[in-house]
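Below: one structure, written as structure tokens.
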Amino acid sequence: MKALVKAKAERGLWLEDIPEPTIGINDVLIRVRYTGICGTDVHIYQWDEWAQKTIPVPMAIGHEFVGEIVKVGSNVNDFFPGDIVSGEGHVVCGRCRNCLAGRRHLCAHTLGVGVNRPGAFAEYIALPMTNIWRHHPGIDQEVAAIFDPFGNAVHTALSFPILGEDVLITGAGPIGIMAIPVVRHAGARHVVVTDMNPYRLDLARRMGATLAVSPKDTTLGEVQKQLGMTEGFDVGLEMSGSPQALADMIANMSHGGKIAILGIPATPGPLDMRAIIFNMLTLKGIYGREMYETWYKMSVMLESGVDIKPIITHRFAYNDFEQGFAAMMSGNTGKVVLDWTS
Ligand code: NAD
Ligand code: ZN
């Protein structure tokens, strides 16, 4: 089968013919239809320090996908060939305290699809049945392909009560932008989004931000004045990975404000502990998606009218993957989707 393989320990990805995966009794085999390119895939392409110490070479990468089940293991009795499915990208151990308690997103022994084990940028992928999410048969398949990052947005955005709250989202990458329609749906009042990239600020406005501003042009204090806010933001969603963005957020929260942090900083940064203490803030780190409450919420929000389709701004056939990665690296994209159907 064709697959995008990290074939050499250097910059790049290679379209290669590799053997189709085999399945065990608890696995399903999926014919991949559409895949999303994640920032993680770009790190692997660029072969940065993290990728060098994490990714086994050679290996097919990728973890955002939708496809059709073509075969199930002998122990699998509730998934069937023809089901349209995506895969949860974190394979958990099933045996640790958190897994046994049903808090699988807190597993301490998680393996990443397309990171620690073979991925979805391939014609076929095999996964344990416990990692499969079955979609409504009529789902938009490009949207289904990006349930993994949509899940990051939903997990973060629904970490705290949103109804009536003023929400600050720092970072208008695909995940930050997908959080906008989610907090809108959940009843936020003002949704302020920050980023330096004009293309992304524009996309944030089109997807429902009250205000989308660059920290280079204005301060969050000025934004609050403009919106008539007097006490700070109630909920903060850190989606940039910038220590500066988190610091600005902490400095602009209301007393008792709540912050969910998804963005991963390149290096650890200091926090204003006094502001956290005296303003009685709650900070929560977010990793991945809740299995499978986040997936359930994504599905039902789409059914009840949440529209994330405009975040998909670029589409390429899988053999044009170089163009897809170049678009991602330009920064002037929402989600980039690769088509594996032809
Ligand atoms: P992205 O890199 O496409 O988007 C980040 C955005 O933040 C960019 O548009 C950038 O211009 C903007 N930014 C940088 N500095 C900023 C600042 N000071 N203020 C405001 N905006 C700033 O990333 P993405 O794919 O949307 O993911 C968002 C973040 O979440 C990334 O840091 C990513 O590594 C992280 N992530 C975490 C998890 C997890 O499970 N915790 C999962 C996926 C992604
Ligand atoms: Zn576990």
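The values are calculated or read from the model by the stated rules, or taken from the named source; none is laboratory data. Quick caveat: nothing in here was measured; it's all calculated off a predicted structure. Neighbour counts run over all protein chains shown; Cβ positions are idealised from the backbone, glycine included.
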(message) Between a residue in the stretch 284-295 that is at pLDDT 95 or above and any residue that is surrounded by 18 or more Cβ atoms within 10 Å (Cβ to Cβ) and of a type in the set (D, E, K, R), which pairs come within a Cβ distance under 7 Å, given they are 6 or more apart or on different chains?
(response) 289/88; 291/88; 291/104; 295/289
(message) Being more than 16 Å from ligand 1 (Cβ to nearest atom) and within 28 Å of residue 318 (Cα to Cα) is the filter here; which residues of the stretch 74-118 pass it?
(response) 79, 80, 81, 82, 83, 84, 85, 117, 118
(message) Between a residue in the stretch 97-119 that is within 14 Å of residue 87 (Cα to Cα) and in the same structural domain as residue 30 (by TED's automatic domain parsing) and any residue that is among the charged types (D, E, K, R) and away from ligand 1 (no atom under 14 Å from the Cβ), which pairs come within a Cβ distance under 7 Å, given they are 6 or more apart or on different chains?
(response) 111/117
(request) Kindly provide the set of residues from the stretch 102-113 that are within 14 Å of ligand 2 (Cβ to nearest atom) and either in contact with a strand residue (DSSP E or B) (Cβ under 6 Å, 6 or more places away or on another chain) or among the β-branched types (Val, Ile, Thr) (or both), ordered by number. (result) 110, 111
(request) Residues being over 17 Å from residue 321 (Cα atoms), charged (D, E, K, R) and over 25 Å from the mean Cα position of the chain (by Cα): count how many of those fall in the stretch 11-45. (result) 1
(request) Check residue 121 against each of (1) away from ligand 1 (no atom under 16 Å from the Cβ); (2) within 24 Å of residue 290 (Cα to Cα); (3) surrounded by fewer than 19 Cβ atoms within 10 Å (Cβ to Cβ) and name the one condition it does not meet. (result) (3)
(request) Would you mind finding the one in 162, 146 that is within 16 Å of residue 307 (Cα to Cα) and either more than 17 Å from the chain's Cα centre (by Cα) or of a type in the set (Val, Ile, Thr) (or both)? (result) 146
(message) I'm trying to understand the selection: among the residues of the stretch 144-161, which are crowded, with 23+ Cβ neighbours inside 10 Å and aliphatic (A, V, I, L, M)?
(response) 144, 145, 146, 153, 154, 157
(message) For the stretch 206-224, check the following and say yes or no: at least one residue is in contact with an Asp or Glu (Cβ under 6 Å, 6 or more places away or on another chain) and not in a helix (DSSP H, G or I).
(response) no
(request) Please go through the stretch 184-195 and pick out each residue that is more than 16 Å from ligand 1 (Cβ to nearest atom), assigned to a loop (DSSP other than H, G, I, E, B) and not small (Gly, Ala, Ser). (result) 189, 190
(request) Would you check which residues across the stretch 181-207 are more than 17 Å from residue 259 (Cβ to Cβ) and surrounded by 20 or more Cβ atoms within 10 Å (Cβ to Cβ) and list them? (result) 181, 195, 200, 201, 203, 204, 207
(request) Considering (1) within 24 Å of residue 5 (Cα to Cα); (2) within 16 Å of ligand 2 (Cβ to nearest atom), say which one residue 99 fails and leave the rest. (result) (1)
(request) Might you let me know whether the stretch 114-126 holds any residue that is within 16 Å of ligand 2 (Cβ to nearest atom), over 16 Å from residue 297 (Cα atoms), more than 18 Å from the chain's Cα centre (by Cα) and β-branched (Val, Ile, Thr)? (result) no
